[in-house]
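Down below is the structure, laid out as structure tokens.
The values are calculated or read from the model by the stated rules, or taken from the named source; none is laboratory data. Remember, it's a predicted structure, so these values are computed and weren't measured experimentally. As a convention, Cβ positions derive from the backbone with ideal geometry for all residues, glycine included, and neighbour counts pool all protein chains shown. SASA here: full protein model, heavy atoms, side chains in, ligands and nucleic acids out. Shrake-Rupley method; radii C 1.70, N 1.55, O 1.52, S 1.80 Å.
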Amino acid sequence: MRCLICHEETIPKITWTNFWSLPEKEVLCIVCRSMFQPLKPGCPLCFREGEKGVCEDCQWWEQTHPGLLAKNTSVFQYNEFAKDFVARWKYRGDYILLEALQWHVVEHFSRMRNSDYIIAPIPLSEERSYERGFNQSEAIIDLLNQRPHSLLERRNSEKQSKKGRYARITSNNPFKLIQSVRQPVMLVDDIYTTGTTVRHAASLLKQAGCPAVTSFTIFR
Amino acid sequence: MLQTLRTYFSDDFDWLPDLVTPHYYPQLAGKLLLHYEIPLDEPHLISALSQNVLIKVSGLEHHFWGFRCRRCGNKEQHLFAEIPHAACGKDCVYCRCCIQMGRVTECEPLYFGSPNVAWPRFENPCAWKGELTFSQQTAADEIRNVIQLGKGEKLIWAVCGAGKTEMLFPGLTEAFSSGKRVCLATPRTDVVRELLPRLKAAFPNVEIEALYGDSPNKQGAAQFLIATTHQLLRFAHAFDVMIIDEIDAFPFHQDPALHYASKRAAKIDSSLIYLTATPRKAQHKRIRNKTLPVVFIPKRFHGHPLPVPKLKLTPSLFHHLKRGKIPPSLLEKIKQQQQSNRQLLIFMPSVKQADQIAEYLRKWKMIVESVHAEDPKRADKVMAFRKKHYPILVTTTILERGVTFPSVDVYVVDAGHSVFDEAALVQIAGRAGRSPDDPYGEVIFFHTGKTNPLLDARESIMKMNRLGEKL
Ligand SMILES: [Zn+2]
Ligand SMILES: [Zn+2]
Ligand SMILES: [Zn+2]
Ligand SMILES: [Zn+2]
């Protein structure tokens, strides 16, 4: 087996004792594996590391848009290695790369998965998904072996404005609803940075009667 | 079946159509591009296709025993994967090997542009007024002959500081006066950056373009391209003259995709010139078998011998390096060196150590910079050192070749480390004594025990000097 990231031969290590231990097949070498840092406990609402309690951003969100997003769960730090990884996977379009994280991401997901939730991807514009060849959040849902429910669609203009992060949520919503649901929804995406994207999606779902929205993202 | 087997196992490029449509799109000439890379709008693209200026070829070959990527030559099946492809609605195979240059898939073609553009002919293109030494002239004549002949290979094996670039001028003059297209490729971006101004000054009227990962211009439309070898992945049968500088350098010497691409980028009838100061095994073998004609230049252009490295046993090296320090004897040596007029170039095995030692020397009130491959200020720091703005530069193997400083001493710390192979050590030693005003730099390898590369590097430098003396 060769490492999916650096293509070096992988040597299965039986003595590995953390939660990475004994995956079915070693798709990553030890070096690449050690570059992904699992998130340490932090903000209970958004998984930001190093917080003792609800972080400032989440406090702000709760004051201005109470209960809009119940909770975000993330798995790994979005460190430099992760940035390169995402760039190669998403922008260069090296689709199979995501399998590098499968074992750990699936485990994390099943620990918090509540079957009442239906799983929804963050949509890409048709143009973008044609360019890239795939939608990143659908790829993650596929990796998790879940069924995607397309509840939203992109509006035409997709360019994220260069406004400040707080201005963005109040600016035009990039999504529109194509189906309303009465069940709680879990949105799936690759990265949680400011949390604006998932909250845009959540606001449409909640307006249409969805009782609760959470999000699951690989990187934070 | 036999035919496909044959083309699969050789790099014949039979799949490239014999395309000679004359046209006026230099930005398409000899290109092999993905759809989104084509610098034309949709109507122009359609007309270029209908006029046979561009032809579609499939990007992947699908044989029952496996795939091959035609852009990078990849045949390693573990470097192919499937994607549920939105563009074709199927599970589609793509090449992972060359994905940094955009994705080649099963369903999307590559676009091959006819190389047949009439490039200008120049009467006296060369503005360089310098004179070649006797050995430079010998090599220059051989290069010009290969270019005049229009086909054949030649390896120029010239010591560091032999003045390789100038040896190319007569051959380049010949090429541009007969309207040929030329590519000078090198594995190192630093070398592209260093060569561009020199070649522009020598050939002021010829259109010259530099192409590398983040070069400002990406057209690749000039008659004379100076490019990193990676850029050749976007060319096919484009060049009449292909010069590859530093063929033994990383990543070219060990990346089959770059060998494949550079072979394909040259026309079927083309002159191939390779330059190196430190040939690798593969070239030595071809030299011995007499399948690769070689010109050997063991003498520097200023006529002085290469500085022979001194080996200095430093037993407490690891003890100090581990603590981010250097042994007192080495520190003393550096202090002494700083009394002279030369600058000091220190090579360390790793980026971390380079930074630590720079920091340590600063504690002793020395003015020091460190530079490494990913350093955003790399080009500026190197330039400032060349202009003698500060006395000590600590670096890693990235500065082992291509860059020249007029008057330096060179120390390699922990020279027995595996990152310093024979070629690297010869190149590093070759940084010293480059200028006729100061042809003797001191080169010291500090080590904890002699290794083969250390001894081999010193031996090969002494051998060059012996051969050089006979000239
Ligand atoms: Zn790896
Ligand atoms: Zn938070
Ligand atoms: Zn496809
Ligand atoms: Zn390829």
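Here are the numbers:
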{"quantity": "Those GluC sites (Glu not before Pro) in region B:116-209 that DSSP places in a loop and that have at most 12 other beta carbons within 10 Å", "calculated": "B:Glu123, B:Glu131"}
{"quantity": "Inter-chain Cβ neighbour average for residues A:90-97, partner chain, 10 Å", "calculated": "5"}
{"quantity": "Helix-only mean residue ellipticity at 222 nm for chain B, each DSSP H run of n ≥ 4 adding -39500 (n - 2.57), per residue, nearest 500", "calculated": "-9000 deg cm²/dmol"}
{"quantity": "Approximate spin-label separation A:Arg147-A:Arg113, in nm, with each point projected 7 Å along Cα-to-Cβ", "calculated": "1.3 nm"}
{"quantity": "Which listed pairs, of B:Lys218/B:Lys388; A:Lys83/B:Lys388; B:Lys164/B:Lys381, have C-alpha distances above 31 Å, in listed order", "calculated": "B:Lys218/B:Lys388; A:Lys83/B:Lys388"}
{"quantity": "Expected-Rg normalisation [2.2 N^0.38 Å, Cα atoms] applied to region B:27-178", "calculated": "1.46"}
{"quantity": "Pairwise centroid distance, computed over Cα atoms, of region B:369-417 with region B:17-65, Å", "calculated": "43 Å"}
{"quantity": "Computed over the protein assembly as shown, the ratio Rg/Rh where both radii use C-alpha atoms and Rh is Kirkwood", "calculated": "1.01"}
{"quantity": "From the C-alpha gyration tensor of region A:34-118, square roots of 5λ in Å", "calculated": "26, 16, 14"}
{"quantity": "For region A:54-146, size of Cβ-based charge dipole, Lys and Arg +1, Asp and Glu -1, in debye", "calculated": "120 debye"}
{"quantity": "Solvent-accessible area, 1.4 Å probe, carbon plus sulfur percent, for chain B", "calculated": "54 percent"}
{"quantity": "Å² per residue, accessible surface of region B:302-344 at 1.4 Å", "calculated": "57 Å²"}
{"quantity": "Percent carbon-and-sulfur accessible area, chain A, ignoring ligands, DNA and RNA, probe 1.4 Å", "calculated": "49 percent"}
{"quantity": "Three semi-axes of the equivalent ellipsoid, chain A, Cα gyration tensor, whole Å, largest first", "calculated": "30, 20, 17"}
{"quantity": "Rounded to 5, percent antiparallel among DSSP beta bridges of the protein assembly as shown", "calculated": "30 percent"}
{"quantity": "Per principal axis, descending, Cα span of region B:205-309 in whole Å", "calculated": "43, 32, 25"}
{"quantity": "Total accessible area lost when B and A pair, probe 1.4 Å, Å² to nearest 100", "calculated": "1300 Å²"}
{"quantity": "In region B:123-202, the trypsin sites (Lys or Arg not before Pro) that fall in loop regions by DSSP, at most 16 other Cβ within 10 Å", "calculated": "B:Lys129, B:Lys151"}
{"quantity": "Qualifying trypsin sites (Lys or Arg not before Pro) in region A:33-79, DSSP loop, other Cβ atoms within 10 Å at most 16", "calculated": "A:Lys52"}
{"quantity": "Amide H contacts of B:Ala227 (H built 1.01 Å from N, under 5 Å, at least 5 apart or other chain)", "calculated": "B:Leu184, B:Ala185, B:Thr186, B:Leu211"}
{"quantity": "Percent breakdown of C-alpha pair distances by 5 Å bin, ordered from the shortest bin, for region B:321-471", "calculated": "2, 9, 19, 23, 22, 15, 7, 2, 1, 0"}
{"quantity": "Cα-based radius of gyration of region A:24-63 once divided by 2.2 N^0.38 Å, which approximates compact folds", "calculated": "1.73"}
{"quantity": "P(r) histogram, all alpha-carbon pairs of region B:45-94 included - 10 Å bins from 0, percent", "calculated": "22, 38, 30, 10"}
{"quantity": "Shielding by partners, peptide B:76-89 (average Cβ within 10 angstrom, other chains)", "calculated": "4"}
{"quantity": "If the convex hull is drawn through the Cα atoms of region B:1-113, its volume per residue in Å³", "calculated": "120 Å³"}
{"quantity": "Solvent exposure of region A:42-166 as accessible area per residue, Å², 1.4 Å probe", "calculated": "53 Å²"}
{"quantity": "1.4 Å probe accessible area per residue over region B:109-222, in Å²", "calculated": "41 Å²"}
{"quantity": "For region B:134-297, the Rg and Dmax computed from alpha carbons only, in angstrom", "calculated": "14.4, 43"}
{"quantity": "Counting all C-alpha pairs of region B:166-221, share separated by more than 18 Å (%)", "calculated": "32 percent"}
{"quantity": "Computed [θ] at 222 nm, helices only, for chain A once each DSSP H run of length n ≥ 4 contributes -39500 (n - 2.57)", "calculated": "-8000 deg cm²/dmol"}
{"quantity": "Amide hydrogen neighbours beyond the local backbone of B:Phe235, cut-off 5 Å, H modeled", "calculated": "B:Leu32"}
{"quantity": "Volume per residue of the C-alpha convex hull in chain B, rounded to whole Å³", "calculated": "170 Å³"}
{"quantity": "Principal axes of region B:225-276: Cα extent on each, largest first, Å", "calculated": "26, 20, 17"}
{"quantity": "At least 50 Å² of accessible area lost relative to the chain alone, listed for region A:121-148 with a 1.4 Å probe", "calculated": "A:Tyr130, A:Gly133"}
{"quantity": "Other-chain or far-sequence residues with amide H under 5 Å of A:Val181's (modelled H)", "calculated": "A:Cys210"}
